[in-house]
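Novice: One structure, pasted below without further comment.
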Amino acid sequence: MTATFWAPGRVNLIGEHTDYSGGLVLPVAIHLGIELSAGPGERISLVSEGEAVELAPDGAGDAQGWGRYVAAVADELAELGRPPIGLEGVLTADLPRGAGLGSSGAVEVIVALALCAAADFELEPLELAQACQRAEQRAVGVPSGILDQAASLLGREGQALLLDCGTLERRWVELPRRLAILVIDSGERHSLELSGYADRRAELEAGDPRRVRHVVSENQRVLELVDALERNDLQALGSLFLASHASLRDDYEVSTPTLDAVVAAALEAGALGARMTGGGFGGSVVAVAVRESADAVLRGTLERAGAQGWIVEASAGASPRRTDSLPGPS
Ligand code: GLA
């Protein structure tokens, strides 16, 4: 039986480069994501934009490109006891790849959900997120954290996810209705694999004072931002965005002149605050604005910088959406 699955991308509001040292993150799942229509099969046989991936049900085989994520997810799930049942299907996405919006995490999550469903195998969302995180690390050899996979699985409509990546304790924070979240893709491609991501993690672990200063101050900003959201204080929120960007640019050194230019453009266009989001070294900027002016801010930003942009809504996390209409997200 064919079913349809959905996994969203994410935008992290704050708490950047804090996940892999057990810090705090505050992402939202967004309405852009990946859909997969698939059902059980003899092998894993998936197609996306004309690119095919063919693997054994446990992920064995020769995988290239995004197929590496599929292979690693299948392998991780096999280790957790998933019966070796294949999956045949087609992926479609409105989430751009390489824009720093969690596209590889969304691929891992959607493939994991569909592989589990095909074999009637169940895991808790956080176990699934951890399996996908391990898959990402193995697929591309980058020591990434759990931010993207957790956001894609645990997102909730109208709320941000406050996750302690050390203990995995979590709660959801209501977003003020007046607040609009804007995402601007800088057009500069981001790749965890080819960027300085692994170097930054190693420098942090070696105790480089500037890297440590970023992480300590960023964790504090996450708490302050949650407080600002709960007090409906949009000005404070904007200032925290700017402080986060400055710290990522100066102390953690993961921004680029292109990302800095998009942040400046968003501020000139009337955003309350803006910062790079995701791994950096290219990718996207997240900006906040009051809802009434969001369209004008987005237009004004794109006139000055950036390749494309969206006003995003905090959305529900990944879900199996069976054609015989299973209830939505769990
Ligand atoms: C990428 C990684 C995440 C996280 C962010 C930076 O998106 O996949 O685990 O480290 O960068 O916050």
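Novice: Select from segment 231-244 the residues that are away from the ligand (no atom under 13 Å from the Cβ) and either of a type outside the set (F, W, Y) or open to solvent by 50 Å² or more (accessible area, probe 1.4 Å) (or both) and list them in ascending order.
Specialist: Within segment 231-244, the subset away from the ligand (no atom under 13 Å from the Cβ) is 231-243.
Selection gives R231, N232, D233, L234, Q235, A236, L237, G238, S239, L240, L242, A243.
Novice: Which residues, taken from segment 259-316, are touching a strand residue (DSSP E or B) at 6+ places or on another chain (Cβ under 8 Å), within 19 Å of P8 (Cα to Cα) and not in a strand (DSSP E or B)?
Specialist: G278, G283, E313, A314, S315, A316
Novice: Out of segment 152-188, which residues are within 24 Å of S255 (Cβ to Cβ) and out of contact with any Lys or Arg (no Cβ under 9 Å at 6 or more places or on another chain)?
Specialist: Across segment 152-188, the qualifying residues are A160, C165, I181, L182, V183, I184, D185, S186, G187, E188.
Per-residue answers, yes or no, for (1) crowded, with 24+ Cβ neighbours inside 10 Å; (2) not in a strand (DSSP E or B):
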site: A7; (1), (2): yes, no
site: R10; (1), (2): yes, no
site: Y20; (1), (2): no, yes
site: G33; (1), (2): yes, no
site: P40; (1), (2): no, no
site: Q64; (1), (2): no, yes
site: A72; (1), (2): no, yes
site: P84; (1), (2): no, yes
site: E88; (1), (2): no, no
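Novice: Okay, moving on. Consider only pairs whose beta carbons are under 6 Å apart and that are at least six residues apart or on different chains; among these, list those whose first residue lies in segment 265-284 and is away from the ligand (no atom under 16 Å from the Cβ) and whose second residue is basic (K, R).
Specialist: From segment 265-284, the pairs are A265/R304.
Novice: Looking at (1) within 14 Å of the ligand (Cβ to nearest atom); (2) in contact with a helix residue (DSSP H, G or I) (Cβ under 6 Å, 6 or more places away or on another chain), which is the one condition that is false for S103?
Specialist: (2)
Novice: So how many residues does segment 173-218 have that are closer than 19 Å to I146 by Cα, under 17 Å from the mean Cα position of the chain (by Cα) and open to solvent by 60 Å² or more (accessible area, probe 1.4 Å)?
Specialist: Final tally of qualifying residues: 1.
Novice: Additional query: For L194, all conditions in the list (1) more than 18 Å from V25 (Cβ to Cβ); (2) out of contact with any Asp or Glu (no Cβ under 8 Å at 6 or more places or on another chain); (3) not in a loop (DSSP other than H, G, I, E, B) hold save one; what is the number of the exception?
Specialist: All conditions pass for L194, except number (3).
The values are calculated or read from the model by the stated rules, or taken from the named source; none is laboratory data. Worth saying up front: this structure is predicted, and the values here are computed from it rather than measured. Cβ atoms come from the backbone with ideal geometry, glycine included; neighbour counts cover every protein chain shown. These area figures cover heavy atoms from the full protein model, side chains too; ligands, DNA and RNA do not enter into them. Shrake-Rupley method; radii C 1.70, N 1.55, O 1.52, S 1.80 Å.
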